[in-house]
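Shown next, in structure tokens, is the structure this report addresses.
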Amino acid sequence: MAVGSGVDVRSADRLRAIGAYAFAEVDAAVERLRAEGIRPIDFGVGDPTVPTPERVRRATQTAIDARASSGYPSYVGAREFRAAAAAWIERRFGVRLDADREICATIGAKEAIFHSASGFVNPGEWVIAPTPGYPPVARGTLFAGGRTWFTPLRRENAFLPDFGAVPEFVLSRARISWINYPHNPTGACAPRAFYEDAVAFAARHGLLLFSDEAYSEIWFDEKPPSALEFSREGVAAFFSLSKRSAMTGYRVGFVAGDARVIEIFKKVKTNIDSGTPTFIQDGAIAALADETHVDAFRALYREKRDRWVRALTSIGLPDCTPKGTLYVWQATPPGMASVEFAKRLLHPDVACVATPGAWLADTLPDGSNPGEGFVRFALVPSLEEIDEAARRLRHLRF
């Protein structure tokens, strides 16, 4: 049969609905610059370039031999890893969890967040989520047949959602309310009073409260709390070793909280994947037992943040110093759209890659996009590269 002879090869409606993944477009822009012989400085994708800590690498190497005949990993994570996660949560947040019933290992945070809707959302039901925000929340909801109601995060509201603005027709069929602090991409941190409000809002409307806490350890002023400190009733927190311990390529994390939620989540995972390799979980155990490297990473990101913010403000841009994460959510020059500003930064005279804020947010019913007017800089270049990027910016004035 000849190629293209009538076979109906087309994507499902759900796949067409989501368009391109924003970070794939950023990667394409970087490759175009390189093809032109230009060395870009890439602030686009939040993938740490610092080495994974030596103690983690050594523990993983040792475990490869120790686990030579271990076979498939546990769907829900090795008991030792879940115990290490529980011990870390108790040290960090003062919350005591049952490692068997209230924690499940995950392949990083992305798959856990994406797949979580499949366990709790029926077709036509709503999920309440912030925008700008992490795309897998809404896309996982879409794949589960649900709908997402976006709560806009704006600078004038300290990038906190207004739960009171969620309409009744959404609340009457909503299943999950998502929060994420320290927040990707704005770098905002939430006060403790916000968590109290978020828990109360979810309880009042019979919603599950899911908290993306992948950036919980990258903060610059006060330690951020966990939603688990305020309630475990219908609450689950999603953690990752990716940013805390520069383990993006290892793909390991965990979800923790209400045992009923975790039981359902485990059933989803059991039918989707075979779990993170056990030798990687052993490396993660070593990472969770050590805070020294976390303190060092936090200090490094603070220095990167401070140097880059100085560079941006020196050319006339507003001071948008973040309180957490490894991102700077920078307001664009007056009258310049986020894509336009990002494209200006891609010119050969600057060659710096940033992600337009409009790509990281969703269009609201009134037609506005709360990410418009911002670009996101991921603080992953080295200090030397940040200094070079600052030098390239000097001739710009806004």
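The values are calculated or read from the model by the stated rules, or taken from the named source; none is laboratory data. These figures come from a predicted structure and were not determined experimentally. Ideal geometry is used to build each Cβ from the backbone, glycine not excepted, and the neighbour counts take in all protein chains shown. Quick note on the areas: whole protein, heavy atoms, side chains included, nothing else; ligands and nucleic acids left out. Shrake-Rupley method; radii C 1.70, N 1.55, O 1.52, S 1.80 Å.
Against the criterion of being surrounded by fewer than 21 Cβ atoms within 10 Å (Cβ to Cβ), basic (K, R) and within 21 Å of the chain's Cα centre (by Cα), R392 does not qualify. Screening M336 on (1) within 20 Å of T49 (Cβ to Cβ); (2) modelled with pLDDT of 95 or more; (3) touching a helix residue (DSSP H, G or I) at 6+ places or on another chain (Cβ under 8 Å) shows it passes everything except condition (1).
Among the residues of region 36-88, those that are free of Cβ contacts under 8 Å to residues at least 12 places away in the same chain and among the polar types (S, T, N, Q) comprise Q61, S69.
On the stretch given as region 68-118, residues that are of a type outside the set (F, W, Y), under 19 Å from L228 (Cβ atoms) and open to solvent by less than 60 Å² (accessible area, probe 1.4 Å) total 23.
Those residues that are open to solvent by 10 Å² or more (accessible area, probe 1.4 Å) and in contact (Cβ under 8 Å) with a residue 24 or more places away in the chain, I need them from region 190-204; list them, please. Don't jump to the end; show me each part of the working.
Of region 190-204, the ones open to solvent by 10 Å² or more (accessible area, probe 1.4 Å) are 190-194, 196-197, 199-200, 203-204.
Of everything in region 190-204, those that are open to solvent by 10 Å² or more (accessible area, probe 1.4 Å) and in contact (Cβ under 8 Å) with a residue 24 or more places away in the chain turn out to be A190, R192, F194, E196, D197, V199, A203.
The set of residues in region 155-178 being surrounded by fewer than 18 Cβ atoms within 10 Å (Cβ to Cβ), touching a strand residue (DSSP E or B) at 6+ places or on another chain (Cβ under 7 Å) and assigned to a loop (DSSP other than H, G, I, E, B) consists of D162, R173.
Only one entry in G357, G324 is open to solvent by less than 10 Å² (accessible area, probe 1.4 Å), in contact with a His (Cβ under 8 Å, 6 or more places away or on another chain), in contact (Cβ under 8 Å) with a residue 12 or more places away in the chain and more than 22 Å from I38 (Cβ to Cβ), namely G324. Considering (1) within 28 Å of A165 (Cα to Cα); (2) without any contact (Cβ under 8 Å) to a residue 60 or more places away in the chain, the lone condition that E340 does not fulfil carries the number (1). Scanning region 209-227 for residues that are hydrophobic (A, V, I, L, M, F, W, C), crowded, with 21+ Cβ neighbours inside 10 Å and within 24 Å of M247 (Cα to Cα) yields F210, A214, I218, A227. Taking region 22-49 as the range and being open to solvent by 30 Å² or more (accessible area, probe 1.4 Å) and outside any helix (DSSP H, G or I) as the test, the residues that pass are E36, G37, I38, R39, D42, V45, D47, T49. Taking the criterion of being touching a residue at least 60 places away in the same chain (Cβ under 8 Å), part of a loop (DSSP other than H, G, I, E, B) and closer than 21 Å to V137 by Cβ, the residues of region 360-390 that qualify are A361, D362, L364, S368, P370, G371.
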